[in-house]
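**Q** One structure, pasted below without further comment.
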Amino acid sequence: ILSALTRANGGQYYNADYPGEVYYDKPSTLGALHFWQNLVYRDKVMPSGVLNSKQISAAFFSGKLGMTMLSTGALGFMRENTKDFELGVAMMPAKVRNGVTIGGASLVSFKGISDGQKKAAYTFLQYLVSPKVNGAWSRFTGYFSPRMASYDTPEMKDYLAKDPRAAIALEQLKYAYPWYSTYETVAVRQAMENQLAALVNDEKVTPEAAAAQAQKDADTLMKPYVESTSLAVPK
């Protein structure tokens, strides 16, 4: 969410062309951090502390929360649990521009299997990524289908006509950008997540201090990559 808010604020969260650079302490990221902290302590519309998905869902279903940012994959679950009130879906907030992060997982065939297994795996993978199956998966979960051809099927056209909320994720695709990726991605991402947790747990922690520490920690983690790829001047 922070990377999407940073992009919506006009900036970049990381260098998509170079795995050794993140922009945690830049004005666009700082603006996103201020926005997030203000929701908790200034506007008091967001609980303090780090909440897991179950806590967020429970608070939303009980009426304690009126709005939440979740993955498109939560739409099916949200629909099933909000039948006693009207559930709306909107695009991610934008200031300078729209921005949304997309992620996902992979379908793979393992190395070292027999020719028969390779053929069977390929056939199964073709089935899984077919427009019909992708469409059925999308309708059940709420995820948008990665196969655009799915939306040309009668089933998907009928689905979107009956539930326009499912079309919001599709509309956002025009503003999508790739999932976060750097050298030591998980650890570098955690550097900011640790500071974000501190930010929503303690009103005394400033976005500037959190961003500076996250940047410092991330730079330390990426230093081996930066040093190995930098141009060296011959002595």
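**Q** Within the set of pairs 6+ apart or on separate chains, which have a first residue in the stretch 183-209 that is closer than 18 Å to Ala32 by Cβ, a second that is loosely packed, with under 14 Cβ neighbours inside 10 Å and of a type in the set (A, V, I, L, M), and C-beta atoms under 8 Å apart?
**A** Ala197/Val50; Val200/Val50; Asn201/Val50
**Q** Also, quick follow-up: Could you go through the stretch 76-84 and let me know if any residue there is among the basic types (Lys, Arg) and in contact (Cβ under 8 Å) with a residue 40 or more places away in the chain.
**A** Going residue by residue through the stretch 76-84, those that are among the basic types (Lys, Arg) are 79, 83.
In the following step, the residues that additionally are in contact (Cβ under 8 Å) with a residue 40 or more places away in the chain were identified as 79.
Yes: the stretch 76-84 contains one or more residues that are among the basic types (Lys, Arg) and in contact (Cβ under 8 Å) with a residue 40 or more places away in the chain.
**Q** Here's a follow-up. Name the helices (runs of 4 or more DSSP H) wholly within the stretch 1-90 that hold at least 1 residues that are in contact with a Pro (Cβ under 9 Å, 6 or more places away or on another chain)? Before you say what the answer is, go through the steps one by one.
**A** Numbers: elements: 2-8, 27-41, 53-61, 75-80.
So the answer is 2-8, 27-41, 53-61.
**Q** Which of the residues spanning the stretch 100-118 are assigned to a loop (DSSP other than H, G, I, E, B) and among the hydroxyl-bearing types (Ser, Thr, Tyr)?
**A** Filtering the stretch 100-118 down to residues assigned to a loop (DSSP other than H, G, I, E, B) leaves 102-114.
Those that are assigned to a loop (DSSP other than H, G, I, E, B) and among the hydroxyl-bearing types (Ser, Thr, Tyr): Ser106, Ser109, Ser114.
**Q** Listed residues Arg147, Arg139, Arg165; which is at pLDDT below 95 and more than 23 Å from Leu87 (Cα to Cα)?
**A** Numbers: Arg139 fails: more than 23 Å from Leu87 (Cα to Cα); Arg165 fails: more than 23 Å from Leu87 (Cα to Cα).
Sole residue among the options that is at pLDDT below 95 and more than 23 Å from Leu87 (Cα to Cα): Arg147.
**Q** Out of everything in the stretch 171-195 that is among the aliphatic types (A, V, I, L, M) and within 29 Å of Ala90 (Cβ to Cβ), what residue ends up being surrounded by the fewest Cβ atoms within 10 Å (Cβ to Cβ)? Walk me through it before giving the result.
**A** Keep residues of the stretch 171-195 that are among the aliphatic types (A, V, I, L, M), which gives 173, 176, 186-188, 191-192.
With the extra rule that they be within 29 Å of Ala90 (Cβ to Cβ), the set shrinks to 173, 176, 192.
Details: Leu173: 12, Ala176: 16, Met192: 24.
Taking the candidates together, the pick is Leu173.
**Q** Could I ask something else about it? Assess whether Ile102 counts as being under 17 Å from the mean Cα position of the chain (by Cα) and modelled with pLDDT under 85.
**A** Working: under 17 Å from the mean Cα position of the chain (by Cα): yes; modelled with pLDDT under 85: yes.
Here the answer is yes, as Ile102 does meet what is asked.
**Q** Considering only residues that are exposed (fewer than 14 other Cβ atoms within 10 Å of the Cβ) and among the aliphatic types (A, V, I, L, M), look in the stretch 59-86 and name the one that is nearest to Gly135 (Cα to Cα).
**A** Selected residue: Met69.
**Q** Another one. Can we say Asp158 is farther than 30 Å from His34 by Cα, at pLDDT 95 or above and over 19 Å from the mean Cα position of the chain (by Cα)? Even if it seems obvious, please write down each step before you answer.
**A** Working: farther than 30 Å from His34 by Cα: yes; at pLDDT 95 or above: yes; over 19 Å from the mean Cα position of the chain (by Cα): yes.
Yes, satisfied.
**Q** For the stretch 175-190, indicate whether the set of residues that are in contact with a Phe, Trp or Tyr (Cβ under 7 Å, 6 or more places away or on another chain), polar (S, T, N, Q), closer than 20 Å to Asn15 by Cα and at pLDDT below 95 is non-empty. Quick ask: steps written out before the conclusion?
**A** Step one: list which residues in the stretch 175-190 are in contact with a Phe, Trp or Tyr (Cβ under 7 Å, 6 or more places away or on another chain), which gives 180, 182-183, 189.
The next check asks that each one be polar (S, T, N, Q); those that pass are 182.
From what's left, closer than 20 Å to Asn15 by Cα: 182.
Right, trim to at pLDDT below 95 and you get 182.
Within the stretch 175-190 (the criterion being in contact with a Phe, Trp or Tyr (Cβ under 7 Å, 6 or more places away or on another chain), polar (S, T, N, Q), closer than 20 Å to Asn15 by Cα and at pLDDT below 95), the answer is yes, since at least one residue qualifies.
**Q** Can you name the number of the only condition in (1) surrounded by fewer than 19 Cβ atoms within 10 Å (Cβ to Cβ); (2) of a type outside the set (Val, Ile, Thr); (3) in contact (Cβ under 8 Å) with a residue 60 or more places away in the chain that Ser230 fails?
**A** The single condition Ser230 does not satisfy is (3).
**Q** Can you name every one of the helices (runs of 4 or more DSSP H) wholly within the stretch 157-232 that holds 2 or more residues which are assigned by TED's automatic domain parsing to the domain that holds Met69 and not hydroxyl-bearing (Ser, Thr, Tyr)?
**A** Working: elements: 167-172, 185-201, 207-229.
Correct list: 185-201, 207-229.
**Q** Now a separate question. Under the condition of being of a type in the set (S, T, N, Q) and under 27 Å from Arg165 (Cβ atoms), which residue from the stretch 27-78 is nearest to the chain's Cα centre (by Cα)?
**A** Residues of the stretch 27-78 of a type in the set (S, T, N, Q): 28-29, 37-38, 48, 52-53, 55, 57, 62, 68, 71-72.
Then keep just the ones that are under 27 Å from Arg165 (Cβ atoms); that gives 52-53, 55, 57, 62, 68, 71-72.
Numbers: Asn52: 15, Ser53: 14, Gln55: 19, Ser57: 17, Ser62: 25, Thr68: 13, Ser71: 7, Thr72: 10 Å.
The extreme case among them is Ser71.
**Q** Follow-up question, since we're still on this one. Those residues that are touching a residue at least 24 places away in the same chain (Cβ under 8 Å) and among the basic types (Lys, Arg), I need them from the stretch 121-166; list them, please.
**A** Arg139, Arg165
The values are calculated or read from the model by the stated rules, or taken from the named source; none is laboratory data. On a predicted model such as this, the values are computed, not experimentally measured, just so you know. Reconstructed Cβ throughout: ideal geometry from the backbone, glycine too, with neighbour counts over all protein chains shown.
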